[in-house]
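Written out below as structure tokens is the structure these notes cover.
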Amino acid sequence: MSDKRQIHLGLFLQGAGHHVSGWRHPKAEAGSENFDLLRRVSQIAEQAKFDMVFLADGLTSAVDAHPSMIARFEPLTLLSALAMVTDKIGLAATASTTYGEPYHTARAFSSIDHLSHGRAAWNIVTTSYARTANNFSKSHPEHDERYAVAEEFVDVVRGLWDSWDDDAFIKNKDSGVYADPSKVHVLDHNGKYYSVKGPLNIPRSPQGHPILIQAGSSGPGQDLAARTADVVFTAQQSLPEAQAFYKSLKARVEKFGRHADSVAVMPGFLPVIGRTQKEAAEKLAELDKWTDLKSAMPLLEERMGHSLADYDPDGPLPDLPISDQLRSRAELLTAAARRENLTIRQLALRVAAGRGHHIVLGTPVEIADRMQEWFDGRAADGFNVMPPFFPEGLEDFTQLVVPILQERGLFRTEYTGSTLRDHLGLSRPAL
Ligand SMILES: Cc1cc2nc3c(=O)[nH]c(=O)nc-3n(C[C@H](O)[C@H](O)[C@H](O)COP(=O)(O)O)c2cc1C
């Protein structure tokens, strides 16, 4: 781990932007299937020395979904392509533990780690939406069971990644031995949910284990992260909320016998940048004006896990039981509505703008100040940056905010290593 604590930055990459109406901006180049755009913005993030590019994912589609989620590339396929057009930046993709097999997941991320020379990361999610089951010939487990499955799933993946000693593939032309049979470890896992023999059919990867990111903030989610993850992606909107989460997560990390600094907490962060505060507010207002309630409501309802059709949009958010679908997100949005006295309409517009993540409006200095406040205040170790639209929203951030963070010594000016583990200051796990 490096001595001086510095901010970690991820680019949360979504082809149609993060604001639900971002794609409608005259300067937006929208399209989740637009590889040329995805390549260019990944390269912009790499030039700015970001730690990683981050791909969220879902396994369903709907016409009333966020435009970045109606259609998108399968994330590991996209990462393989991005690995060929970048050199240093980490490459993170989401894969579900509820709809997947540990063997496939272990193999795919190990392959990306080899292809990218040590830059792969797996964002572990349990998949919230029950409708996903319609695409997978199975039923949707309830919230806490999804986490029980995830705990075992992650253990199997980590075990498979240790199938071979680092020096097992001797490829000795004289003796004719390609892989040393004394250096293979057969996992032989027999658990409650999985029986997996192993070994994995790929050598141990450059990072030993690709980086593990976890997203899901309930108690069971935090326990999974505290035990297994290197990075936690989260969605707090206020400083006290983020500080409380940070403290709770780090305490759990220590409870599992790990060093608190070995896990980086990275909330989502949607910057809207102007030369003045007024200009930034006008930028957001311009995007909001393209957002009607009809497109915003499904996004709010999805996060709340309840239909709000029977309630007055200009009235307060009703008292609804917290749904297990996206439990932690429903709690955070309910808290924001109560704290700021938001109507349903206002809350829906807020979700349409940043899907419940922290939105910051201001000049580059104000944006940097807010990041520093959260970083110094132990609310975050870094941020998953969510430009409202691409590429300009990212260019504004890298050209105007990153240099301020660098001048303050808060962010690297050069990569000092070549793997994502290096960027995060983490050592390679021994076998
Ligand atoms: C910040 C954040 C990002 C998430 N990203 C994804 C995602 O990309 N794909 C997905 O299927 N689920 C995603 N999830 C959902 C979680 O994996 C989990 O299923 C859900 O949040 C419910 O668990 P929780 O109550 O522990 O938060 C995300 C959750 C959070 C908090």
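The values are calculated or read from the model by the stated rules, or taken from the named source; none is laboratory data. Keep in mind the model is a prediction, meaning the values are calculated, not measured. Here the Cβ positions follow ideal geometry from the backbone for every residue, glycine too, while neighbour counts run over all protein chains shown. SASA here: full protein model, heavy atoms, side chains in, ligands and nucleic acids out. Shrake-Rupley method; radii C 1.70, N 1.55, O 1.52, S 1.80 Å.
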Problem - Qualifying position, being open to solvent by 50 Å² or more (accessible area, probe 1.4 Å) and touching a helix residue (DSSP H, G or I) at 6+ places or on another chain (Cβ under 8 Å), among GLN222, GLN325 - result: GLN325
Practice task
Find the residue count for the range 233-252, including only residues that are more than 20 Å from HIS357 (Cα to Cα) and within 16 Å of the ligand (Cβ to nearest atom).
Solution key: 1
Practice task
Return a yes/no flag: does the range 358-374 have any residue that is under 30 Å from ALA130 (Cβ atoms) and among the aliphatic types (A, V, I, L, M).
Solution key: yes
Exercise for the section: Could you tell me whether THR105 is more than 11 Å from the ligand (Cβ to nearest atom) and β-branched (Val, Ile, Thr)? Expected result: yes
Practice task
Determine, yes or no, whether TYR193 is open to solvent by 10 Å² or more (accessible area, probe 1.4 Å), out of contact with any Ser or Thr (no Cβ under 9 Å at 6 or more places or on another chain), of a type in the set (Ser, Thr, Tyr) and touching a residue at least 24 places away in the same chain (Cβ under 8 Å).
Solution key: yes
Problem - Members of the range 109-118 that are away from the ligand (no atom under 16 Å from the Cβ) and under 13 Å from ARG158 (Cα atoms) - result: SER110
Practice task
Would you check if LEU284 is within 16 Å of the ligand (Cβ to nearest atom), in a helix (DSSP H, G or I) and either polar (S, T, N, Q) or surrounded by 14 or more Cβ atoms within 10 Å (Cβ to Cβ) (or both)?
Solution key: no
Fill in the blank from the handout: Given the conditions (1) within 11 Å of the ligand (Cβ to nearest atom); (2) among the aliphatic types (A, V, I, L, M); (3) open to solvent by less than 10 Å² (accessible area, probe 1.4 Å); (4) in contact with a Gly (Cβ under 8 Å, 6 or more places away or on another chain), every one holds for ALA121 apart from (1)
Practice task
Restricting attention to the range 124-177, report how many residues are open to solvent by 70 Å² or more (accessible area, probe 1.4 Å), more than 16 Å from the ligand (Cβ to nearest atom) and of a type in the set (Asp, Glu).
Solution key: 3
